[in-house]
Amino acid sequence: MDNKFAQQLKKGVLDMVVLRLVQEKSTYGYEILQNLEQRGEGFFDLKEGTLYPVLYRLEDSGLIESFWQNGEGRAAPKKYYTITEKGRETYGEYRNLWTHFQSCITKLCGEGDE
Amino acid sequence: MTEDQKKIKKYVNAVERKLKVPLKMKVRINADLGTDIHARMEAGWSVDKILEDLGSPKEVADRFNAELGAERKPGGFRYIFLVLGAAAAVYAVYILAMNLYMKSMVQRQFRESVSLIGGADGPTSIFVSYTVGMIGNWMMSGGFVLACLDMYRFLGSRKTNSLLLSIISAGLAAAGTVSWIYNNGEIFRYWEFTWEFHFPALIMLAEIVLPFVLLALRFRRRSREKEEQRGML
């Protein structure tokens, strides 16, 4: 599903989806990519070059913050991302907006449309 | 350093070289790519498989550059316009100096005499009529110099798109053309007689055309930027 419309939809919700995943628990880039792939039902098959700019934008807006965490044993330290209070509030707003948007589109396009 | 660590370092450095972003951003990307690679190694991937899955350093860097809105490095072609503009400015100053020299020479030659045009100061009248005819050339040259400078800026950066310099240069070119035709229009009668009319005419054509071409390019860039902004809403 790689047409332009699908791309636009993905781009529109990516901030909200990534905020949600970071809110669930502190996580790192590769883990976010795996979650998106497994839970996204094939819709979010992203590459690093697409995900990390989203993370940087959220971090620069103060919605998430990063920190380094040492791995267990001899594992290399990893850069984790965690949500901030501002990020939680913003996610809440995005979620309300999405629910409203979803309801509007369903009414406009008709629930019975195939 | 193990072979795997060397491969990872070589790969990440190659990606970093192709990134067209500020240094701080490169450091961030470097850190995240490193984390990504080590996380996959912990999940049991081999380094070769990881690097194959990530893509070539160019592919990875291109994706980052596209998402981060990195600017293409300006090419060297724009320096041609800087050189042309400088040459045109130097030539215009040279012509001005020659005109002033001619004026003093004419005044010296005709100091005591005959009023050639009918006023009290014949030599000055000759010079004035000559100079008025040249105003069109100077305006065209001025417009051309400004257009060359603006073209250098236009090719150098997509971020700034001020129309001011283009409008001024196009205005000078237009005004200069009108003035030149008004004062020298008769020259077109002798067009076919000598190549000496053709070559300077080609140069003048370039002086007139460049400012308008640049103005059109700037308007096109502006309308594309507005379309992109509307597409993002």
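The residues of region A:5-34 listed by number as losing at least 40 Å² of accessible area in the complex, against the isolated chain and with a 1.4 Å probe, are A:30. In region B:32-69, comparing the full protein assembly with the chain on its own, the residues that lose 50 Å² or more of accessible surface at a 1.4 Å probe are B:32, B:35, B:36, B:42, B:63, B:64, B:67. Once the 1.4 Å probe is applied to the protein heavy atoms, region A:8-109 comes out at 59 Å² accessible per residue. A protection proxy built from the mean count of other Cβ atoms within 10 Å ranks the segments B:171-182, B:143-154, B:39-50, most packed first, as B:143-154, B:171-182, B:39-50.
Extension gain for the segment residue B:23 to residue B:105, taken as residue separation times 0.36 nm less the Cα-Cα distance, is 23.4 nm to one decimal.
Contact-buried residues of region A:44-60, at a threshold of 50 Å² lost accessible area versus the chain by itself: A:47, A:48, A:49, A:52, A:53, A:56 (1.4 Å probe; DNA, RNA and ligands ignored). Chains B and A together bury roughly 1800 Å² of accessible surface, counting both sides and using a 1.4 Å probe on protein heavy atoms. Along the axis of the charge dipole computed for region A:8-109 (Cβ charges of +1 for Lys and Arg, -1 for Asp and Glu, origin at the Cα centre), the listed residues A:69, A:34, A:8 are led at the positive end by A:8. The lysine pair count for region A:8-109, using Cα distances under 20 Å and pairs eight or more places apart or on different chains, is 7. What number, in percent, do you get for the relative contact order of chain A if the mean sequence gap of Cα pairs under 8 Å and at least 6 apart is divided by its residue count? Computed value for chain A: 26 percent relative contact order. Fully extending the segment from residue B:217 to residue B:201 would add 3.3 nm, taking 0.36 nm per residue of separation and subtracting the current Cα-Cα distance.
Computed on region B:1-107, with alpha-carbon pairs under 8 angstrom and 6+ residues apart, the relative contact order is 32 percent. Solvent-accessible area of region A:8-109 (1.4 angstrom probe, protein heavy atoms only): carbon and sulfur portion equals 49 percent. The heavy atoms of residue B:219 offer some 110 square angstrom of accessible surface to a 1.4 angstrom probe.
The values are calculated or read from the model by the stated rules, or taken from the named source; none is laboratory data. Predicted model only: the values in this text are computed from it and were never measured. When we count neighbours, we look across all protein chains shown, and the Cβ atoms used for this are built from the backbone with ideal geometry, even at glycine. To get the accessible areas, we keep the full protein, side chains included, count just its heavy atoms, and leave off ligands, DNA and RNA. Shrake-Rupley method; radii C 1.70, N 1.55, O 1.52, S 1.80 Å.
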